[in-house]
Structures are given as structure tokens and as C-alpha cells.
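The values are calculated or read from the model by the stated rules, or taken from the named source; none is laboratory data. What you are looking at is a predicted structure, and each value in this text was computed from that prediction instead of being measured. Note: ideal-geometry Cβ built from the backbone for every residue, glycine included; neighbour counts use all protein chains shown.
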Amino acid sequence: DIVMTQSPLSLPVTLGQPASISCRSSQSLVYSDGNTYLNWFHQRPGQSPRRLIYKVSNRDSGVPDRFSGSGSGTDFTLKISRVEAEDVGVYYCMQGTQWPLTFGGGTKVEIK
Amino acid sequence: EVQLVESGGGLVKPGGSLRLSCAAFGFNFNAYTMNWVRQTPGKGLEWVSSASSSGSQINYADSVKGRFTISRDNAKNSLYLQMNSLRVEDTALYYCARCVSGCGTGFDPWGQGTQVTVSS
């Protein structure tokens with residue numbers, strides 16, 4: 001199975017400041033079709049996860065442009081350019097390149 | 001509105017059984033691969049099982065293989081998970097989730113979840 005490792009575990013941030021979350025996979029996420037199936041999800045307290053970004057850098061409809069994804073191979077990053085109060089919660093990366101689909105352990109973003 | 005609604009969770013003793021259901025609304029259910037994903041405080045999110053749009057292709061996580069059975073009824077826009085030989089470690093919030101355009105791009109939407117607790 002592909003192991004997804006996120007860091008940090010917890011990320012206290014000041015409103016208006018940037019935040020960055022790292023996600024590493026135990027093997028390359030480049031699929032035979034040339035795509036890299038690395039996705040990001042956000043789970044607000046008491047809510048279900050919601051997909052934010054798919055295939056490394058594609059934002060879902062309605063996701064603010066302060067969110068951006070980047071990376072390649074085994075190293076990926078989710079960045080929030082200016083954190084807002086609604087951004088709190090847990091962020092998960094997930095690989096869709098190989099079954100079983102696997103998630104990172106999550107990064108909890110909270111406001112300082 | 002695209003929506004998934006799970007039901008059927010509860011408290012069960014180790015070795016017992018439960019059947020979860022997921023009702024789908026607002027989209028062409030029989031066009032999508034559907035999944036069960038579970039969440040625990042300790043292990044985070046874990047994909048459990050998937051069923052292709054026709055139900056002909058089915059996958060299971062090794063942790064549930066041989067004990068859980070996924071099925072779907074496209075006429076009823078419903079997904080099911082029959083869970084047998086339940087273990088304490090199966091305790092989790094179980095979500096129903098739709099693959100978006102192929103499961104490689106993840107799941108959207110997710111239901112609100114149904115809690116399964118396995119305890120003596």
C-alpha cells in the first residue's frame with residue numbers, strides 16, 4: 001500500500017497569514033496515463049470531508065483562489081495564501097494512483 | 001442538490017453483524033462508482049470498499065476482506081455495506097462517498113456518516 005505522510009500534525013496560524021502543509025507518498029504517484037492522482041480534502045469541525053483540490057493543483061468549484069496545490073512525484077504541498085477563520089479544521093491528502101486508495105493522517109489548522 | 005444519506009449504524013457486540021445503507025439524491029446514481037470510507041480518531045480516514053457503477057467491479061480493503069460485502073441497487077439509488085464478524089477495531093464513523101470522475105480524483109460528495117460501535 002502507498003503510505004501518505006503529512007506534516008505538520010498541527011498548524012497554528014494567525015488570521016491573514018500564509019499556511020503550508022506537506023504531504024509525502026511512499027512511492028511515486030504518477031500513473032501510467034501520465035496523471036498524478038494526489039488530492040486534498042478539508043474537514044471542518046463536525047462536518048464531513050470536502051474535496052478541495054484534485055490531481056495536485058486543480059481547485060474544485062467554489063474553492064477560493066487563496067488555496068493552491070503543487071508538487072510532483074512523491075512530494076506535495078497545499079498552501080493557503082492568507083488564512084481566514086473558515087479555513088480551520090483538518091486537511092487530508094489522498095492518493096488515487098493505486099488501490100487501495102490511501103489518506104494522510106491529517107493536519108489540524110487552528111487560529112492562534 | 002447532490003446528497004448522500006447513510007443509515008443503519010449502531011452498537012453491536014464483537015462477532016455481530018450490521019447492514020449500512022446509503023441513499024443517493026440529485027444525481028444519476030447508476031453512472032458512478034460508490035464507496036464506503038470510515039473514520040476513527042486514532043487511524044484517521046480509511047477507504048473500506050468500492051462498487052463500480054454496474055456493481056460488477058468491487059474492491060475491499062484488506063482489513064475488511066472476507067467480512068464485509070458491498071452491494072448496490074441502482075433502481076433504488078442505494079448503496080449497502082453488510083458487515084459481519086465485526087471487531088472492536090471496526091468501530092468508526094462510516095461515510096458513503098461518490099467517486100468524482102474516476103476514483104483517482106477522490107470523492108465528492110460525502111454523506112454525513114453513520115456511527116458503528118463494536119463493544120461488549
Checklist outcome for this item: Checked region A:54-83 for anything away from chain B (no Cβ under 13 Å) and β-branched (Val, Ile, Thr); matches are A:THR74, A:THR77, A:ILE80, A:VAL83
Item to check | Those residues of region A:16-33 which are buried (at least 17 other Cβ atoms within 10 Å of the Cβ) and either of a type in the set (Ser, Thr, Tyr) or at the interface with another protein chain (Cβ under 9 Å from one of its Cβ atoms) (or both), in sequence order | outcome: A:SER25
Checklist entry - So which residues in region A:34-53 are more than 16 Å from A:LEU101 (Cβ to Cβ) and within 9 Å of chain B (Cβ to nearest Cβ), if there are any at all? => result A:GLN43, A:GLN47, A:SER48, A:ARG50
Item to check | Residue check, A:THR107 touching a Pro at 6+ places or on another chain (Cβ under 8 Å) and crowded, with 18+ Cβ neighbours inside 10 Å | outcome: yes
Checklist entry - How many residues are outside any loop (DSSP other than H, G, I, E, B) and in contact with a strand residue (DSSP E or B) (Cβ under 8 Å, 6 or more places away or on another chain) when one looks only at region A:59-97? => result 22
Checklist entry - Looking at region B:103-120, which of the residues that are more than 17 Å from the chain's Cα centre (by Cα) and in a loop (DSSP other than H, G, I, E, B) is nearest to the other protein chains (Cβ to nearest Cβ)? => result B:SER119
Checklist outcome for this item: Checked against (1) surrounded by fewer than 14 Cβ atoms within 10 Å (Cβ to Cβ); (2) in contact with a Ser or Thr (Cβ under 8 Å, 6 or more places away or on another chain), B:GLY26 satisfies every condition except (2)
Next on the checklist: Looking only at residues that are among the small types (Gly, Ala, Ser), part of a loop (DSSP other than H, G, I, E, B) and within 24 Å of B:GLY102 (Cβ to Cβ) in region B:52-91, which one is nearest to the other protein chains (Cβ to nearest Cβ)?
Outcome noted: B:ALA61
Checklist entry - Hey, does region B:68-79 have a residue that's among the hydrophobic types (A, V, I, L, M, F, W, C), modelled with pLDDT of 95 or more and farther than 22 Å from A:ARG51 by Cβ? => result yes
Checklist entry - Out of all the residues in region A:26-51, which are of a type in the set (D, E, K, R) and either within 15 Å of B:THR105 (Cα to Cα) or out of contact with any Asp or Glu (no Cβ under 9 Å at 6 or more places or on another chain) (or both)? => result A:ASP33, A:ARG50, A:ARG51
Next on the checklist: Restricting to region A:43-56, count the residues that are surrounded by fewer than 22 Cβ atoms within 10 Å (Cβ to Cβ) and not charged (D, E, K, R).
Outcome noted: 6
Checklist outcome for this item: Within region A:75-101, the residues that are more than 10 Å from the chain's Cα centre (by Cα) and surrounded by fewer than 17 Cβ atoms within 10 Å (Cβ to Cβ) are A:ASP75, A:SER81, A:ARG82, A:GLU84, A:ALA85, A:GLU86, A:VAL88, A:GLN98, A:TRP99
Next on the checklist: Return the pair list, or none, for Cβ contacts closer than 8 Å from residues in region A:99-112 that are more than 7 Å from every other protein chain (Cβ to nearest Cβ) and farther than 14 Å from A:GLU86 by Cα to residues that are of a type in the set (Val, Ile, Thr) and not in a loop (DSSP other than H, G, I, E, B), at least 6 apart or on different chains.
Outcome noted: A:GLY104/A:THR5; A:THR107/A:ILE21; A:THR107/A:VAL90
